[in-house]
1. With respect to residue 133, determine if the residue is small (Gly, Ala, Ser), open to solvent by 60 Å² or more (accessible area, probe 1.4 Å) and over 21 Å from residue 75 (Cβ atoms).
2. The conditions are (1) surrounded by 11 or more Cβ atoms within 10 Å (Cβ to Cβ); (2) touching a strand residue (DSSP E or B) at 6+ places or on another chain (Cβ under 9 Å); (3) not aromatic (Phe, Trp, Tyr), and residue 101 fails exactly one of them. Which is it?
3. Answer with yes or no whether residue 165 is surrounded by fewer than 18 Cβ atoms within 10 Å (Cβ to Cβ), touching a residue at least 12 places away in the same chain (Cβ under 8 Å) and among the small types (Gly, Ala, Ser).
4. Residue check, residue 79 against (1) open to solvent by 40 Å² or more (accessible area, probe 1.4 Å); (2) over 13 Å from the mean Cα position of the chain (by Cα); (3) more than 26 Å from residue 166 (Cα to Cα), all met but one. Which one?
5. Keeping to segment 59-75, report how many residues are open to solvent by 80 Å² or more (accessible area, probe 1.4 Å) and touching a residue at least 40 places away in the same chain (Cβ under 8 Å).
6. Could you list, in sequence order, all residues of segment 82-95 that are outside any loop (DSSP other than H, G, I, E, B) and open to solvent by less than 70 Å² (accessible area, probe 1.4 Å)?
7. Return the pairs, sorted by first residue and then second, in which the second residue is open to solvent by 30 Å² or more (accessible area, probe 1.4 Å) and of a type in the set (D, E, K, R), the first residue lies in segment 119-139 and is at pLDDT 85 or above, the beta carbons are less than 6 Å apart, and the residues are 6+ apart or on different chains.
8. Where in segment 96-194 are the strands (runs of 3 or more DSSP E), entirely inside, with at least 2 residues that are over 13 Å from the mean Cα position of the chain (by Cα)?
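The values are calculated or read from the model by the stated rules, or taken from the named source; none is laboratory data. The structure displayed is predicted, hence computed values, not measured ones. Here Cβ is always computed from backbone atoms with ideal geometry, including for glycine, and neighbour counts include all displayed protein chains. Note: accessible area is taken over every heavy atom of the protein model, side chains too, but ligands, DNA and RNA are not part of it. Shrake-Rupley method; radii C 1.70, N 1.55, O 1.52, S 1.80 Å.
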Amino acid sequence: MYQFDLCILARMKCLATACRRHPFTLASVSGVEIDYSPMEETSDVDPKIICAILLSDSAIREMGTGKITLVGMFGNWNCLSFPFQTPAFWITVSLANFPPGTKAITIVARIEQKQSGLVIGNVAAQIGFPDNAQLDRNSIVDLPLPLPMGIQIPQPGAYRVVVLANDLMLDQRYVQVNLAKPPTIAPQFPPTQP
C-alpha cells in the first residue's frame, strides 16, 4: 500500500471514530456560552474538535476547488547533528464541530519540548469565515499553517505540536527527533582486472 493510501485510511478512521476525550465543544472557544459537562454517550454530535494534525514539507491549495495537497508528509525528524535547524514546513489542522454562526477563530500551532514545555516555534492565524459559509457541527475545515525555516531544535527527543483556538488548547501530537547515523558510502574504485 502506498504512503498516501495509509494517510487517507488514517484520516477516514479519524473522521469515523467518535472521540469522547474533549468535554467541551468549539462553542467554548468561540465566545459562545461554555458548557463543560461531558456529552452523553448517546449523543449524535461528535465532540471531536481536531480530526488531524499533519506535518508536511509543503501544502498546495488548488485554485478552483480549494482542495489541499500535502507534499512530503512526515512524523519525525532524523538529524545528523544538533542543534538542528528545520527547513520550512507546514502544520495542517483539520477542525470540526463548529457551532452554528461561527464567524472567526484564532488558531495557534506551536512546537514544544515534551519534557520542559519550552516553545521553540509557533505560527498563528486569524481565520474568518464569510457570511454565506454554512458551517455546522458536521463541517470540516482544513487549515494549512506555514512555519518558517530555521526553527532550532536543541537536542534529540520527544517534541509536541500543540494546537490552540482562541487561547484554549484543543489537541496535540508528538514528533520524535532522532540522531541519525551518517550515510555510509561505499568507495568508488574502478573494478579490478583479472
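1. no
2. Going through the list (1) surrounded by 11 or more Cβ atoms within 10 Å (Cβ to Cβ); (2) touching a strand residue (DSSP E or B) at 6+ places or on another chain (Cβ under 9 Å); (3) not aromatic (Phe, Trp, Tyr), residue 101 breaks only (2).
3. In short, no.
4. (1)
5. Within segment 59-75, residues that are open to solvent by 80 Å² or more (accessible area, probe 1.4 Å) and touching a residue at least 40 places away in the same chain (Cβ under 8 Å) number 1.
6. Selection gives 84, 89, 90, 91, 92, 93, 94, 95.
7. 119/110; 122/110; 129/103
8. 104-113, 119-128, 157-165, 168-179
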